[in-house]
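The values are calculated or read from the model by the stated rules, or taken from the named source; none is laboratory data. Everything numeric here is computed off the predicted structure, so don't read it as measured data. Glycine also receives a Cβ, built like all others from the backbone with ideal geometry; neighbour counts cover every protein chain displayed. Just the protein is used for accessible areas: all its heavy atoms, side chains included, with ligands, DNA and RNA removed. Shrake-Rupley method; radii C 1.70, N 1.55, O 1.52, S 1.80 Å.
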Amino acid sequence: MSDLAAQGNMPEILALESWIKANVDQEALLETTELNHYRIPGVYARELKLKAGTILTGKIHNFESMGILSQGRMRILTSEGAKIVEAPYVTVDKPGIKRLGVCETDCTFVSIHRTDAETIEDIEDELVSDTFEQFELKRLGRSSV
């Protein structure tokens, strides 16, 4: 296990993520979630529209990025702790951020990233990791675990 996966609240976040994947109908969750992608040269934005009561985790961000809660109220847990945020809310996130969010109301959350990749597949491959081990390898310039 990566040292990053053991820091702060991350073991609890990863345990909750594992429980969610095993016990929550992922297809039903996707039906209640609207995902939009936006691109301009050098910039990618990912917008999630979520229903009140939604609990979800994000992937690990490989690079510094911005997050914007443009609608709603959300509880957010990261390795650094928990907080309740309400729109309008803007954060600059360091590489390695992974969040667990609980939507207290309907929410719209946007992540903004710098990239020259053009397809969603290439963008995700560059910008996010599924595990902290994969994140560490990407940071070292290696592409796979």
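Before moving on, here are some points about what is shown:
- Among the residues of region 52-60, some residue qualifies, meaning at least one is farther than 18 Å from E126 by Cα and touching a Cys at 6+ places or on another chain (Cβ under 6 Å).
- Restricting attention to region 78-92, the residues being in a strand (DSSP E or B) and over 11 Å from the mean Cα position of the chain (by Cα) number 10.
- Any hit, region 5-14, residues being open to solvent by less than 70 Å² (accessible area, probe 1.4 Å) and on the phi > 0 side of the Ramachandran plot: yes
- Contact annotation: residue pairs with Cβ atoms under 7 Å, 6 or more positions apart or on different chains, pairing a residue in region 30-54 that is assigned to a strand (DSSP E or B) and of a type in the set (V, I, T) with a partner that is surrounded by 11 or more Cβ atoms within 10 Å (Cβ to Cβ) and modelled with pLDDT of 95 or more, are V43/I112; V43/R114.
- G67 being within 28 Å of S2 (Cα to Cα), open to solvent by less than 20 Å² (accessible area, probe 1.4 Å) and at pLDDT 95 or above: yes
Each row is one residue, and each column tells you yes or no for (1) surrounded by 14 or more Cβ atoms within 10 Å (Cβ to Cβ); (2) over 24 Å from I55 (Cβ atoms); (3) not acidic (D, E).
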| position | (1), (2), (3) |
| --- | --- |
| E86 | no, no, no |
| Y89 | yes, no, yes |
| V92 | no, yes, yes |
| G101 | yes, no, yes |
| F109 | yes, no, yes |
| E121 | no, yes, no |
| E124 | yes, no, no |
| K138 | yes, yes, yes |
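- The lone exception for E17 - which of (1) under 19 Å from D130 (Cβ atoms); (2) open to solvent by less than 50 Å² (accessible area, probe 1.4 Å); (3) in a strand (DSSP E or B) it fails: (3)
- Listed by first and then second residue, the pairs with beta-carbon distance under 9 Å, at least 6 apart or on different chains, first residue in region 60-76 and under 11 Å from I97 (Cβ atoms) and in contact (Cβ under 8 Å) with a residue 60 or more places away in the chain, second surrounded by fewer than 20 Cβ atoms within 10 Å (Cβ to Cβ) and acidic (D, E), are I60/D130; H61/D93; N62/E126; F63/E126; S65/D93.
- Of the candidates G96, G81, the single residue that is open to solvent by less than 40 Å² (accessible area, probe 1.4 Å), among the small types (G, A, S), closer than 17 Å to F132 by Cβ and touching a residue at least 12 places away in the same chain (Cβ under 8 Å) is G96.
- Scanning region 93-131 for residues that are in contact with a helix residue (DSSP H, G or I) (Cβ under 6 Å, 6 or more places away or on another chain) and outside any loop (DSSP other than H, G, I, E, B) gives L100, H113, S129.
- Qualifying residue in region 37-49 (condition: surrounded by 14 or more Cβ atoms within 10 Å (Cβ to Cβ) and either among the aromatic types (F, W, Y) or closer than 23 Å to S2 by Cβ (or both)): yes
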